[in-house]
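The values are calculated or read from the model by the stated rules, or taken from the named source; none is laboratory data. These numbers come from a predicted model, not from an experiment. Positions of Cβ are backbone-derived with ideal geometry, glycine not excepted, and every protein chain shown enters the neighbour counts. Ligands, DNA and RNA are stripped out before the accessible areas are found, and what is left, the full protein with its side chains, is counted by its heavy atoms. Shrake-Rupley method; radii C 1.70, N 1.55, O 1.52, S 1.80 Å.
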Amino acid sequence: MTKAEKPRVLVAGVISSPVYHRAKTCVEHLANDGHVVAELKSFCQLDWEEWRTLKAKELGGDAWTKKQPCLAILNGTTLLGDASEFLKWAGNEYHYSDFRVPVLYEAIAEDAFNEYLRSTKHRYAFLDFESDGLPIGRVTVEMYAALCPTTVENFVGLCNGVAGDSPANPRRCYEGSQIHRICKDGWIQGGDIDGGSGTGGASVFNHGEPFADESFAVKHDRRGVIGMSNKGPHTNTSQFYITLQPTPFMDCKYVAFGRLLDGAEVLSQIEEVELSNDRPSRPIRISKCGELKP
C-alpha cells in the first residue's frame, strides 16, 4: 500500500489537554508503524472552541455531543470520535494499546503549552476569578507587547501590583477588584481598582494618571479579545473589557492589546450571572493575578 492509499487521520485538540496528547501519541505511533498518515492540529482553548464549532457544523451527526477537547477525523469526512473513541478504534483496527500512566500525559501537556507560550515571544498574565468567595477559575491572557508595549506594561503592572507612593496613592493592583459590568452578547468589564463602581481607575504611570491610546491594530473580531476601557480618546487607566463575541464597533475606539488563550468555561460562567442594569447580582472578583512566565 502506498502512502497515498493510507488512511489519513487528523487528531485535533487543545494543546494543554492530556487527553489530546494521549490521542496524538496514538496517531503518531500508527503513522510510525506505517498504518496511517497522521495530521495534527493543536489549539489553545478559545481557538479550539471556534474550530470545533465550525467542524461540528461541517461533519454534522453527533459531532456536537463530543465533550473531550480532542477530535479524530478519518480522511477529512468521517468522525472517529473524541480521544477515548479514537483509542478504541485504533485498538480494534491496529491492536494499539497504551499503558502509559495519566500523569505522564499531564506533564507532556504542561510542557507543550509552556513551549507554545515561549515560542510566541508575547507576554502573559493570569486572572483568577471568584464569586461569593468560591473560585470560578483561571483565564490566561496573551498580550501583544510588540504592538502595544505601554498598554501591556500597564496591564502587567496592575496584575503584579505596584507599590503606592503616598497615602493618597495606595498600592495599585487588580487583585480584589470586581467585574462591575456585563453586557450580554457584548463584553464583560472590570478593573476599577478605586472602588469597583465603574467610575474610577488608575494606571501604573505618573501617580495613576491616564495614558494615551497606543495602537488600534488589534481588532475586536472574536470572543475573548481584551482591551482597555476608556472615557474618550487617550483616557486609559486600569479598566479593561473582554469581548463575548465579535464587536467591530469597538475598532479604532478602544485599544485591544491581547486575547484569552484559555478559561472558556470561566468566561461562560461569568456571562451567565444574573444581572440588574448590566451589573452582576452577586460580586465577581479577581482573587489572584500576576504575570505568567513560562
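Brief remarks follow.
- Taking every protein chain into account, the accessible area of the chain amounts to 48 square angstrom per residue (probe 1.4 Å).
- Residues K288 and K184, FRET efficiency given R0 of 30 Å [Cβ-Cβ distance, rounded to 0.05]: 0.65
- Of the options (1) 41; (2) 22; (3) 35, only one is percent of Cα pairs over 32 Å apart as computed from these coordinates, and that is (3).
- Subset of K24/K121; K55/K231; K57/K88 violating a 28 Å alpha-carbon distance limit: K55/K231
- Taking the chain as a Gaussian network of alpha-carbon nodes connected by springs under 10 Å, the highest mean-square fluctuation of the residues Y174, Y241, Y96 belongs to Y96.
- Carbon + sulfur, % of accessible area of the chain - ligands and nucleic acids excluded, 1.4 Å: 50 percent
- Note on N206 and N160: the extension gain reaches 14.8 nm, defined as 0.36 nm multiplied by sequence separation minus the Cα-Cα distance.
- The GluC sites (Glu not before Pro) found in segment 246-294 that occupy coil by DSSP, while having at most 12 further C-beta atoms within 10 Å, are E272, E274.
- Fully extending the segment from T65 to S268 would add 71.3 nm, taking 0.36 nm per residue of separation and subtracting the current Cα-Cα distance.
- Only helices enter this figure: runs of n ≥ 4 DSSP H residues, each worth -39500 (n - 2.57), summed and divided by the residues of the chain, yield -9000 deg cm²/dmol at 222 nm to the nearest 500.
- Cysteines of the chain lacking any other cysteine Cβ under 4.7 Å from their own Cβ: C26, C44, C70, C148, C173, C183, C252.
- Under a Gaussian network description of the chain, with springs only between Cα atoms under 10 Å, the residue in V37, V141, V19 that fluctuates furthest is V37.
- Highest mobility in the GNM of the chain, judged by mean-square fluctuation with C-alpha springs under 10 Å and restricted to G81, G227, G13, is found for G81.
- Listed values for segment 100-105 are Karplus-derived 3J(HN,Hα) couplings in whole Hz (6.51 cos²θ - 1.76 cosθ + 1.60, θ = phi - 60°), namely 5, 7, x, 4, 5, 5, and x replaces Gly and Pro.
- Loop-resident sites, segment 190-247, for trypsin sites (Lys or Arg not before Pro), counting at most 13 other Cβ within 10 Å (DSSP): K231
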